[in-house]
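Bear in mind these aren't lab numbers, they're just calculated from the coordinates by the rules spelled out. Note that the structure is a prediction, hence the values are computed from the model and not measured. Using ideal geometry, Cβ is built from the backbone for each residue, glycine included, and neighbour counts are taken over all protein chains shown.
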Amino acid sequence: MAVLRHAEEVTGNVARTCRYYGISRQTFYKWLRRYQDEGLAGLRDRSSAPRHCPNATHADIVNKIVHLRQNYHFGPVKIQMYLKRYHDITITSSAISNILVRLGLNRLPASQRYTSREKRWKRHEKPLPGNRLQIDVKFIEPIGVPAEAAPAKTPVLGALPKQRRRAKYDQFTAIDDCTRLRVLRIYPRCDQKTAIHWHVLDKGIAHTYIKPASPHLNGKVERSHRIDAEEFYRMLAGVVIDDTGVFNDKLREWEDYYNYHRPHGALDGQTPYERLKWKTQTPV
């Protein structure tokens with residue numbers, strides 16, 4: 001409005017007013033037409049976004065990205081792997097990142113964020129499958145503990161009526177250092193009987209203990225337990241399981257998915273089984 005008044009009341013000349021304000025005459029006349037047609041409302045700021053964007057990501061793909069982010073806390077690279085493997089959708093990780101930023105989903109919960117790179121341990125792996133296994137035991141919170149009373153990092157499977165006993169379980173995990181293939185079993189106790197490995201020793205396989213308070217030396221199995229918490233136990237929230245056999249059936253389904261169907265970021269998008277086939281067919 002100040003520009004239009006300047007041309008009418010001060011200079012009386014459109015060209016001089018445009019030079020004074022540093023705008024083009026086309027812009028001046030565009031504003032003038034809007035003012036003549038719509039009054040002051042025509043001079044309000046308008047969106048410069050295109051009305052039609054043929055290269056925009058389809059809404060169905062965006063919904064899939066949001067689902068993987070909110071339910072599994074996957075990053076852009078892992079989402080890219082899943083979309084390619086299971087939906088035959090090719091999209092760059094940078095495009096996925098832009099979508100997450102636009103939707104305000106680029107920040108994970110504090111417990112899910114990666115440690116800064118300079119503080120992370122250097123990744124290593126054995127060149128041959130079966131050369132080394134990492135083994136660990138994961139304690140599963142008693143089923144009867146209410147969700148609000150349990151520690152934040154411990155998965156809660158559901159609440160049982162007070163009159164029923166509270167069951168607790170231990171997940172024994174063995175993971176191959178090279179391929180990330182895993183074997184998972186649930187036991188109602190953690191003792192020598194459930195952890196015994198004499199048959200392994202009979203085959204000449206030695207058991208090496210890591211240093212106390214050094215979880216980074218058992219990093220692959222530790223990281224796999226974090227995946228269990230994020231992608232398996234979190235999905236069982238509210239489900240009542242008070243039977244070791246049923247629990248192991250559920251765990252075998254997850255083990256099968258992890259080994260044969262879940263793309264692994266550290267394996268460049270391969271599943272552990274695909275890495276096993278690749279390693280056994282490629283001379284080392």
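Tabulated data for the structure shown
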item: Semi-axes of the equivalent ellipsoid for the stretch 59-112, Cα gyration tensor, largest first, Å; result: 17, 12, 10
item: Positive-end extreme of charge dipole, the stretch 59-112 - chosen from A95, M81, N106 (charges on Cβ); result: N106
item: Given K138/K250; K126/K193; K126/K220; K78/K220; K220/K279; K168/K250, the pairs whose alpha carbons are separated by over 20 Å; result: K126/K193
item: Cβ-defined net charge surrounding Q270, 11 Å radius [Lys, Arg +1; Asp, Glu -1]; result: +4
item: The stretch 184-284 - charge dipole about Cα centre, Lys and Arg +1 at Cβ, Asp and Glu -1, debye rounded to 20; result: 400
item: Cβ-derived FRET efficiency at R0 35 Å, K279 paired with R107, nearest 0.05; result: 0.45
item: Inter-site label distance for D88 and D191 at 7 Å from Cα along Cβ, in nm; result: 5.5
item: For the stretch 211-276, with +1 on Lys and Arg beta carbons and -1 on Asp and Glu, the positive-most of M235, L217, A266 along the dipole; result: L217
item: Computed E for S47/V239 - FRET, C-beta separation, R0 41 angstrom, nearest 0.05; result: 0.30
item: Ranked by how many other beta carbons lie within 10 Å on average, peptides 171-180, 207-216, 240-249 from highest; result: 171-180, 240-249, 207-216
item: Computed lengthening from N218 to T57, 0.36 nm per intervening residue step minus Cα-Cα distance; result: 53.9 nm
